[in-house]
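Enquirer: Can you read through this structure? Questions will come right after.
What follows is calculated from the coordinates using simple rules that are stated; it is not laboratory data. Being a predicted model, the structure only gives us computed values, none of them experimental. Cβ sites come from the backbone with ideal geometry, for glycine too, and all protein chains shown count toward neighbours.
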Amino acid sequence: MDNERTYYSDEKGVSITGTKAILGSATYSPESISSIRIGEKPAKRAPGIWVASIGSFFLLVGGFYQLDALAISGLVMVAIGVFAARAPKAKYYLRITSGSGEDTALSSSSKGYLTIIENALREAIASRN
């Protein structure tokens, strides 16, 4: 029976022990990992902001010239634009540098999830030294 310590394991295929780190489809040796970092790709909010801006213009013009259909259309566009600007979430990446180069090991919309994995990897690396 294997008595090796498991630093982290989950149902998504991530398992970190003192001798190997399985992250999705890739396997790394903790002793060959030279750096770990979490990167962020911001959410794309520009399309929603554009729709809301155009809708605001329609709402103002429709209100000024008493064009109810244009004002209502503008109001609907503002609502859709605000929703579209708020809906996207940032994407986070766990980047690992090893002897074979830098690789994006995992990605998630939850920075907390990747932070837990990053800490477990750091603990596994520290235990090997």
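Enquirer: At Asp68 and Asn119, where each label point lies 7 Å from the Cα along Cα→Cβ, what is the point-to-point distance in nanometres?
Expert: 5.9 nm
Enquirer: Let me ask something additional. Once the Cβ-Cβ distance between Ala79 and Lys41 is put in as r, and R0 is 25 Å, what FRET efficiency do you end up with, to the nearest 0.05?
Expert: For R0 = 25 Å, the calculated efficiency reads 0.40.
Enquirer: Under a cut-off of 17 Å between alpha-carbon atoms, report the lysines in cross-link reach of Lys20, not counting same-chain residues fewer than 8 places apart.
Expert: Hits, sequence-local ones excluded: Lys12.
Enquirer: For the chain, with equal point scatterers placed on the C-alpha atoms only and solvent neglected, what are the log10 I(q)/I(0) values from the Debye formula at q = 0.09, 0.14 1/Å, to two decimals?
Expert: Values, matching the q order: -0.45, -0.67.
Enquirer: Something else: What value, in deg cm²/dmol to 500, does the helix sum -39500 (n - 2.57) over DSSP H runs of n ≥ 4 give at 222 nm once divided by the residues of the chain?
Expert: -15000 deg cm²/dmol
Enquirer: Estimate the FRET efficiency between Ala87 and Phe57 by the formula 1/(1 + (r/R0)^6), using the beta-carbon distance for r and 22 Å for R0, to the nearest 0.05.
Expert: Numbers: r = 22 Å, r/R0 = 1.00.
For R0 = 22 Å, the calculated efficiency reads 0.50.
Enquirer: Using Cα atoms only, what is the angle between the long axis of helix 46-64 and the major principal axis of the chain, expressed in degrees (0 to 90) to the nearest 10?
Expert: On a 0 to 90 degree scale, this one is about 10.
Enquirer: Quick one: helix 111-128 against the long Cα principal axis of the chain, what's the angle to the nearest 10°, folded into 0 to 90?
Expert: Computed tilt is about 20 degrees.
Enquirer: Chymotrypsin sites (Phe, Trp or Tyr not before Pro), restricted to region 26-129: which are DSSP loop and have at most 15 other Cβ atoms within 10 Å?
Expert: Numbers: sites: Tyr28, Trp50, Phe57, Phe58, Phe64, Tyr65, Phe83, Tyr92, Tyr93, Tyr113; in loops: Tyr65.
Here the chymotrypsin sites (Phe, Trp or Tyr not before Pro) that fit, given the DSSP loop and packing criteria, are Tyr65.
Enquirer: Now for a separate question. Nearest 10 degrees, 0 to 90: what angle lies between the long axis of helix 68-86 and the longest principal axis of the chain (Cα atoms)?
Expert: Orientation of helix 68-86: about 10 degrees from the principal axis.
Enquirer: I've got another one for you. Rank Pro47, Thr27, Gly13 by how far each Cα sits towards the positive end of the charge dipole of the chain (+1 on Lys, Arg Cβ; -1 on Asp, Glu Cβ) and give me just the farthest.
Expert: Pro47
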